[in-house]
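These notes are about the structure you will find just below.
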Amino acid sequence: MWEQYAAALPANAWNWSAVWRRNYMAWRKAALASLLGNLAEPMSALFGLGFGLGLMIGQVDGISYVAFLAAGMVATSAMISATFETVYGAFARMNAQRTWDAILCTELTLGDVVLGELAWAATKAVLAGTGITIVAAALGYAAWPSIPYALPAIALTGVAFASLAMVVIALAPSYDYFVFYQTLFLTPMMYLCGAIFPVAQLPIALQRVAEALPLAHSIDLIRPAMLDRDASSVGLHVGVLCLYTVVAFVVSALLLRRRLMR
Amino acid sequence: MLGGVEAAPISRQTIAMEPAPVTPADRGAGRVSNVAIDFTAVKKSYGEKVVVDQLSFTVASGKCFGLLGPNGAGKSTIARLILGMSTPEAGKITVLGEKVPARARLARKRIGVVPQADNLDLEFTVRENLLVFGRYFGMTAKDVEKITPSLLEFARLESKADARVTELSGGMKRRLTLARALINDPDILILDEPTTGLDPHARHLIWERLRALLSRGKTILLTTHFMEEAERLCDRLCVLEAGRKIAEGPPHTLIDEQIGCPVIEVYGGDPNELCGLIKPLAQRTEISGETLFCYAPNPEQVLARLRGRTGLRLLQRPPNLEDVFLRLTGREMRD
Ligand SMILES: Nc1ncnc2c1ncn2[C@@H]1O[C@H](COP(=O)(O)OP(=O)(O)OP(=O)(O)O)[C@@H](O)[C@H]1O
Ligand SMILES: [Mg+2]
């Protein structure tokens, strides 16, 4: 009975790396364009909102609005990069390009493939998040020495959102459904979770909602790190993100097994 | 292009794998067996539709086993079942001594696959495709680089090593897929219509390659719609219809059993009228489209009866697997 589900789980701790390397090799061929594409949006938000609104708002939480927003943009861009890599890249590799079909004829299991895709999506999240962190630091809105602390939080954000997106592609019949995920889940989350303004501005009920959402926990880890402040409840935030990751990973692997291994 | 079609003999040493054929039985680490694949009463359905129905067959190590059957008969589904990519509802599947699908991953270590539809990585070159695929078997870049030249030679793609897959012709892609299937030096090859869409040169080249693999002790499971291919390569055939086995045996035994006499094909004229005319002289007649097939132990009598009628083209030939296929699976188009 159990054995039936073996295919949905990773076979060992390293098989996934072959999938990661395949994606890395493909990405390298268009790395520059991809990097620019990934960074352009959060950058324009940072400069547009940051300097525009920043003039009117002045200080938030005892820091300049741009510095406040920068951390929000790092977390958001990690979320968006991981999600898009999964719903567009991995979905294409699963369906149209039949890359997964080929891989599933080898020693790898479906679980290995999913894990490799998650690791790759998280890598793209780290690239995007780190890119913005570096720009923010160069402009003086983040503390250089704190970057190493922000990195693990960005990576965890990437894995968590890649896993959630994996559930979405396991269920979505076509690309059209991804728009719903973005407009109904990701975009509202950006507003609710303190990326653009402090959560404390929200009505208390919405604050409670925000507490359950993964992006809020990412931001609570990334913002103090970038601003070189002491973070509170690190264990809780890490725990919530890990929980999202593990549950979504298992659910997506089982759903994908049902979808692909009929 | 398909370099010299004269097919230079392949020198064993240059082909990727170890020179001496090692039979899977030698390797099975205690699991000595000359059975490569075993199906016992396997059943699989999609919704209401039964796609594989109480199917049992055994593929012996080192042999080429052919699956024949009309479109939709279940051949590709059987290939997926062997790989553990699909779970049967009933029955038992054993591949290289491993229970499938439970331990399919271990079986897949020693299997190479040419799927019905190409799934090469279009973003990569020929060489990169081999590299990426080798990694899925735990090979290092060095391991893959070492055998790449021999795989390229095997597939006659030496001059295309650095071409992107999108630049290859259909036949080249098929050959690359075959080379890719050999990267882990498999004991079993699962080939799902490996030559569909290829020109005759390319097909002959692939046949020659497959025979070389058989002579090195590989086991092949082949599905095909080319009866000539099945007749040339397969030691044993299983004819399927709607997921059920309707005949099994060596090609020539099947031909003798099912047909057993010369065939006359008659084109032109009204097949129904001609059929009435020669029926008494024939063991069996069948009409397929505009052609009348006449199976007659004494073909001379049939030819004599038809002589003098104008506008007919007559062809007398020995029976072949196509006759068997047509007889067993009916002549009307399925679906
Ligand atoms: N995932 C699936 N869901 C539903 N039906 C399926 C699925 N895969 C295959 N089938 C059905 O199973 C039957 C057998 O299909 P299969 O691809 O095994 O046939 P085949 O013998 O390989 O045919 P062909 O010669 O055309 O390749 C077909 O009727 C097909 O429609
Ligand atoms: Mg098929």
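The values are calculated or read from the model by the stated rules, or taken from the named source; none is laboratory data. Everything numeric in this text was worked out from a predicted model, so none of it was measured. Neighbour counts are summed over all protein chains in view; Cβ atoms, including those assigned to glycine, are modelled from backbone coordinates with ideal geometry.
Under 9 Å between Cβ atoms, which residue pairs at least 6 apart in sequence (or on different chains) link something in region B:186-202 that is in contact (Cβ under 8 Å) with a residue 24 or more places away in the chain and among the polar types (S, T, N, Q) with a partner that is part of a loop (DSSP other than H, G, I, E, B) and within 16 Å of ligand 2 (Cβ to nearest atom)?
That search, which allows pairs on different chains as well, returns B:Thr195/B:Thr224; B:Thr195/B:Phe226; B:Thr196/B:Gln116; B:Thr196/B:Thr224; B:Thr196/B:His225; B:Thr196/B:Phe226.
Checking the conditions here, which among B:Pro262, B:Pro319, B:Pro251 is under 30 Å from B:Asp199 (Cα atoms) and under 18 Å from the mean Cα position of the chain (by Cα)?
B:Pro251
Taking the stated definitions as given, is B:Phe124 at the interface with chain A (Cβ under 10 Å from one of its Cβ atoms), out of contact with any strand residue (DSSP E or B) (no Cβ under 6 Å at 6 or more places or on another chain) and under 27 Å from B:Leu96 (Cβ atoms)?
It is false that B:Phe124 is at the interface with chain A (Cβ under 10 Å from one of its Cβ atoms), out of contact with any strand residue (DSSP E or B) (no Cβ under 6 Å at 6 or more places or on another chain) and under 27 Å from B:Leu96 (Cβ atoms).
Determine if region A:6-19 includes at least one residue that is within 10 Å of chain B (Cβ to nearest Cβ), touching a residue at least 60 places away in the same chain (Cβ under 8 Å), part of a helix (DSSP H, G or I) and touching a Ser or Thr at 6+ places or on another chain (Cβ under 8 Å).
Among the residues of region A:6-19, at least one is within 10 Å of chain B (Cβ to nearest Cβ), touching a residue at least 60 places away in the same chain (Cβ under 8 Å), part of a helix (DSSP H, G or I) and touching a Ser or Thr at 6+ places or on another chain (Cβ under 8 Å), which makes the answer yes.
Being surrounded by fewer than 14 Cβ atoms within 10 Å (Cβ to Cβ) and either within 21 Å of the chain's Cα centre (by Cα) or within 11 Å of ligand 1 (Cβ to nearest atom) (or both) is the filter; apply it to region B:38-58 and report the residue that is farthest from the other protein chains (Cβ to nearest Cβ).
Looking at residues that are surrounded by fewer than 14 Cβ atoms within 10 Å (Cβ to Cβ) and either within 21 Å of the chain's Cα centre (by Cα) or within 11 Å of ligand 1 (Cβ to nearest atom) (or both), I get B:Glu48.
Kindly check whether there is at least one residue in region B:102-114 that is within 15 Å of ligand 1 (Cβ to nearest atom), assigned to a loop (DSSP other than H, G, I, E, B) and either assigned by TED's automatic domain parsing to the domain that holds B:Val50 or out of contact with any strand residue (DSSP E or B) (no Cβ under 8 Å at 6 or more places or on another chain) (or both).
No; the residues of region B:102-114 include none that is within 15 Å of ligand 1 (Cβ to nearest atom), assigned to a loop (DSSP other than H, G, I, E, B) and either assigned by TED's automatic domain parsing to the domain that holds B:Val50 or out of contact with any strand residue (DSSP E or B) (no Cβ under 8 Å at 6 or more places or on another chain) (or both).
So, in region B:130-186, exactly how many residues are hydrophobic (A, V, I, L, M, F, W, C) and in a loop (DSSP other than H, G, I, E, B)?
Adding up the residues that qualify gives 9.
Looking at region B:194-208 only, could you name the residues that are buried (at least 20 other Cβ atoms within 10 Å of the Cβ) and under 13 Å from the mean Cα position of the chain (by Cα)?
B:Pro194, B:Thr195, B:Ile206
Please enumerate the residues belonging to region B:67-106 that are within 10 Å of chain A (Cβ to nearest Cβ), closer than 20 Å to B:Asp185 by Cα and more than 16 Å from ligand 2 (Cβ to nearest atom).
Passing the criteria: B:Gly84, B:Arg103, B:Ala104, B:Arg105, B:Leu106.
Take residues that are more than 9 Å from chain B (Cβ to nearest Cβ) and tell me which of the helices (runs of 4 or more DSSP H) falling wholly in region A:59-113 contain 3 or more.
A:65-84, A:91-94
Name the residue that is nearest to ligand 2 (Cβ to nearest atom), counting only residues in region B:229-252 that are touching a Lys or Arg at 6+ places or on another chain (Cβ under 9 Å) and assigned to a helix (DSSP H, G or I).
By that ranking, first place goes to B:Glu229.
Pick out the one residue from A:Leu227, A:Leu255, A:Leu243 that is within 21 Å of the chain's Cα centre (by Cα), modelled with pLDDT of 95 or more, farther than 30 Å from B:Leu81 by Cα and away from chain B (no Cβ under 14 Å).
Testing whether each residue is within 21 Å of the chain's Cα centre (by Cα), modelled with pLDDT of 95 or more, farther than 30 Å from B:Leu81 by Cα and away from chain B (no Cβ under 14 Å) leaves just A:Leu243.
Being in a helix (DSSP H, G or I) and over 22 Å from A:Val250 (Cα atoms) is the filter here, so list the residues in region A:153-181 that pass it.
Within region A:153-181, A:Asp176, A:Val179, A:Phe180 meet the criteria.
Looking only at residues that are surrounded by fewer than 17 Cβ atoms within 10 Å (Cβ to Cβ) and within 16 Å of ligand 1 (Cβ to nearest atom) in region B:59-81, which one is farthest from the chain's Cα centre (by Cα)?
B:Gly72
For region B:146-164, check the following and say yes or no: at least one residue is among the hydrophobic types (A, V, I, L, M, F, W, C) and facing chain A (nearest Cβ under 9 Å).
Scanning region B:146-164 turns up no residue that is among the hydrophobic types (A, V, I, L, M, F, W, C) and facing chain A (nearest Cβ under 9 Å).
Select from region A:24-41 the residues that are within 18 Å of the chain's Cα centre (by Cα) and more than 10 Å from chain B (Cβ to nearest Cβ) and list them in ascending order.
Hits for region A:24-41 are A:Tyr24, A:Ser34, A:Leu35, A:Leu36, A:Gly37, A:Asn38, A:Leu39, A:Ala40, A:Glu41.
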